[in-house]
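These notes concern the structure reproduced below.
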Amino acid sequence: IPIPDLKTCGPATKTACPDNPTIPYSCCPPPIPTNYDTIPYYKVPTMTKIRMRSPAQNADEEYIAKYNLAISKMKELDKTEPLNPLGFKQQANIHCAYCNGAYLIGGKQLQVHNSWLFFPFHRWYLYFYERILGTLIGDPTFALPYWNWDNPKGMRLPPMYDVEGSSLYDERRNPHVRNRTIVDLGSFGEEVQTTELQLLTNNLALMYRQMVTNAPCPLLFFGSPYVLGNNIDTPGTIENIPHIPVHIWTGTEAGKPLPNGEKSCGEDMGNFYSAGLDPVFYCHHANVDRMWNEWKAMGGKRKDLTRKDWLDSEFFFYDENKKTYRVKISDCLDTKKMGYDYAPMPTPWRNFRP
Ligand code: C2O
């Protein structure tokens with residue numbers, strides 16, 4: 001997959017849900033100053049200190065304050081016209097553009113989900129988002145937190161996102177994410193009555209299934225090939241569960257009213273076009289990204305894909321200096337080389353073999 005043709009970026013549509021038809025939505029990047037053909041390849045800058053992403057439930061006050069400040073600065077960038085590519089809305093629009101049909105690739109709408117593009121696309125997306133936040137607060141080591149939902153200690157909405165009026169809060173969430181409710185990692189919307197203990201146990205068993213039993217080889221973990229003109233649309237194990245359930249659980253239930261009176265179509269987290277408007281999106285995806293590292297750490301056949309059409313696939317991003325770059329999948333396989341890593345947490349699901 002080559003980088004999308006930015007010159008032909010067009011209207012996208014909000015993903016439909018039962019009551020709502022698809023609605024046009026515009027989320028193209030701001031006009032590109034340079035010629036599309038001369039956008040250079042990105043080279044990971046050399047760094048002296050690694051950015052360490054830590055579990056969100058352990059964040060201290062200093063970190064929370066810093067992170068809130070960074071997001072509020074990013075939101076302030078939205079106040080200019082045309083939209084600043086580094087602003088909060090335009091960062092969320094990146095997700096929309098790559099998921100909701102704004103780009104055409106080989107005559108078909110580009111969609112990075114349900115395929116092997118899922119892990120690398122989101123890795124690069126978070127990479128730049130994190131660097132932009134760090135630059136906004138003058139902290140070159142700023143790192144995103146991760147939503148540690150694979151560990152019982154993190155199976156709730158991380159508290160820092162649930163402070164009304166703070167920049168990490170989002171009104172367009174399902175009210176059930178509050179009050180320390182435990183997320184059901186396997187639910188696509190249906191609510192099952194069970195005890196907390198049972199739910200924690202189910203979640204761990206499910207993690208075992210998705211990381212170990214069902215993902216013994218790369219294509220099952222990463223998802224089906226996405227090649228020009230021939231997509232099978234099978235998500236990888238983790239993309240399917242728990243990644244999607246966490247989105248659905250967090251967003252407003254479809255059909256329920258949103259704060260503006262409109263009927264919800266899963267906003268924010270439960271719809272592709274709006275997911276990036278909830279700051280917790282990036283925390284959720286940090287843990288998805290961490291699962292990629294954890295999966296490889298198990299060894300054996302659990303390795304990155306080696307097919308050239310995967311390694312050579314490209315995306316387009318703005319860096320923290322508003323410069324445009326094309327990035328390759330082959331350059332995002334090692335997070336340490338990219339300048340960040342994950343503070344370790346126990347992975348208790350490893351002991352939940354059925
Ligand atoms: Cu691009 Cu979690 O979705």
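Worth pointing out:
- When residue 250 is tested against (1) more than 15 Å from residue 173 (Cβ to Cβ); (2) within 16 Å of the ligand (Cβ to nearest atom); (3) among the β-branched types (Val, Ile, Thr), just one condition goes unmet, and that condition is (1).
- One residue from 189, 165 being surrounded by fewer than 22 Cβ atoms within 10 Å (Cβ to Cβ) and either over 24 Å from residue 265 (Cβ atoms) or under 18 Å from the mean Cα position of the chain (by Cα) (or both): 165
- Only one entry in 125, 103 is over 14 Å from the mean Cα position of the chain (by Cα), closer than 22 Å to residue 328 by Cβ and buried (at least 22 other Cβ atoms within 10 Å of the Cβ), namely 103.
- Residue list for the range 1-24, filter: of a type in the set (Ser, Thr, Tyr), touching a residue at least 60 places away in the same chain (Cβ under 8 Å) and surrounded by 12 or more Cβ atoms within 10 Å (Cβ to Cβ): 13, 15
- Unique match (being more than 16 Å from the ligand (Cβ to nearest atom), closer than 26 Å to residue 59 by Cβ and either modelled with pLDDT under 95 or aromatic (Phe, Trp, Tyr) (or both)) among 161, 146, 169, 129: 169
- Flag if residue 67 is within 16 Å of the ligand (Cβ to nearest atom) and under 29 Å from residue 242 (Cβ atoms): no
- Matching entry among 20, 84, 93, 68 (being within 29 Å of residue 143 (Cα to Cα) and in contact with a Cys (Cβ under 7 Å, 6 or more places away or on another chain)): 93
- In the set (1) part of a loop (DSSP other than H, G, I, E, B); (2) closer than 15 Å to residue 112 by Cβ, the condition left unmet by residue 265 is number (2).
The values are calculated or read from the model by the stated rules, or taken from the named source; none is laboratory data. Quick caveat: nothing in here was measured; it's all calculated off a predicted structure. FYI the Cβ positions are ideal-geometry reconstructions off the backbone, even for glycines, and counts take in every protein chain you see.
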